[in-house]
1. Take the Cα of residue 219, step 7 Å along the line toward its Cβ, and report every residue of region 141-158 whose backbone nitrogen sits under 11 Å from that point.
2. Residue 191 to residue 243: FRET efficiency via 1/(1 + (r/R0)^6), r the Cβ-Cβ distance, R0 22 Å, to the nearest 0.05?
3. Subtract the Cα-Cα distance of residue 5 and residue 178 from 0.36 nm times their separation in residues, and report this length gain in nm to one decimal.
4. With n ≥ 4 as the cut-off for DSSP H runs, can you work out [θ] at 222 nm for the chain, using -39500 (n - 2.57) per run divided by the number of residues, rounded to the nearest 500?
5. In the chain, with Lys and Arg counted as +1 and Asp and Glu as -1 at Cβ, which of these residues, 125, 173, 271, has the Cα nearest the positive end of the dipole, that is, farthest along it?
6. Just need the relative contact order of the chain here, percent rounded to a whole number, with Cα pairs under 8 Å and 6+ apart.
7. Which of the peptides 188-196, 32-40, 48-56 is most tightly packed, and how do the rest follow, judged by the mean count of other Cβ atoms within 10 Å per residue?
8. If each of residue 29 and residue 155 carries a label point 7 Å out from its Cα toward its Cβ, how far apart are those two points in nm?
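Every number here is computed from the coordinates shown, using simple stated rules; none is lab data. The shown structure was predicted, so the numbers you read here are calculated from the model rather than taken from an experiment. Backbone-built Cβ (ideal geometry, glycine too); neighbour counts: all protein chains shown.
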Amino acid sequence: MTTRLLDGRDVASHLRRELRHRVERLSGDDPEAAPQLAILRSGSSEASALYASSLERAARSVGVVPVVLAEESGPMIETIDRLNADERVAGIVVAQPLSDPELGRRLVERIDPAKDVDGATPANAGWLARGEPAFVPATALAVIAILEAYDIPVAGQRAVVIGRSAVVGRPVASLLLARDATVVICHRATRNLARETRRAELLVVAAGSPGLVRSEMVNASAVVVDCGINATPEGIVGDVHHATVAPVVRAISPVPGGIGPVTPMMVLRQTVESAERTASGKTTPGDAG
């Protein structure tokens with residue numbers, strides 16, 4: 001059996017071309033009309049800086065104007081209030097993690113849900129939980145984008161998600177459930193994790209634990225999507241031990257090069273959708289216009 005590699009770089013490249021055309025339709029001949037994505041940073045977190053930098057590059061690649069703001073720009077709460085009121089700003093993202101988690105929570109809660117293009121606000125989490133998603137956390141959306149790009153069936157499949165974070169595990173479980181998968185969520189208190197993963201037809205791993213899933217924990221018909229990004233002395237690795245798992249499954253996403261390139265494109269896709277709604281006179285994701 002030849003394992004299919006779910007290459008996120010190809011998916012991201014296709015999305016980049018599509019989004020560039022949509023931005024061109026929005027802005028026409030006026031570069032000032034291009035939608036803006038506000039990216040807020042606070043503190044000195046290297047992970048936060050890298051995420052902000054990747055979003056900035058991705059935005060420029062599709063014609064969206066990135067506006068990167070740090071604490072030096074003024075009080076962060078007041079900055080978000082100003083961005084909420086600015087019609088040129090189609091999306092607002094708080095680059096996590098912040099050095100002050102409580103500040104991060106308050107900043108996210110202040111974002112207008114109609115501009116919350118990383119699906120972080122409680123309002124958008126609630127809509128997703130109801131099965132009526134507006135904006136969705138980008139990494140979870142990237143999982144679905146890769147499955148769709150490679151025509152991986154979801155309906156009727158037994159999907160196992162390892163991880164229950166509000167950023168990946170829970171939202172991706174909701175998205176899979178909405179697509180008629182039978183979903184099992186596993187976490188650190190799950191007894192006999194391997195028993196659950198061996199039954200998975202779709203296995204999404206977002207545990208933040210390098211090399212957690214090994215070959216004896218999967219079956220030959222499984223499609224494995226690895227959301228882990230872990231810095232180790234050997235470099236960036238996923239939550240799946242790729243060298244042992246890849247030869248024995250039907251398909252697998254690599255790390256790096258899988259979910260990573262697609263995630264910023266999901267933020268940009270939702271930013272463009274926000275701008276398109278504004279241009280058409282709609283006010284919220286669910287507005288019929």
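1. Hits in region 141-158 for residue 219 at 11 Å: 158.
2. Values: r = 27 Å, r/R0 = 1.24.
My answer for the efficiency is 0.20.
3. Numbers: separation 173, 0.36 × 173 = 62.28 nm, distance 2.51 nm.
Between residue 5 and residue 178, full extension yields an extra 59.8 nm.
4. Numbers: 10 runs with 118 residues, N = 289.
Theoretical 222 nm ellipticity from helices: -12500 deg cm²/dmol.
5. Most positive-ward Cα: 173.
6. Values: 574 pairs, mean separation 60.8, N = 289.
Relative CO of the chain lands at 21 percent.
7. Details: 188-196: 11.9, 32-40: 21.3, 48-56: 18.6.
Highest to lowest by the protection proxy: 32-40, 48-56, 188-196.
8. Label-label distance for residue 29 and residue 155, simple model: 4.6 nm.
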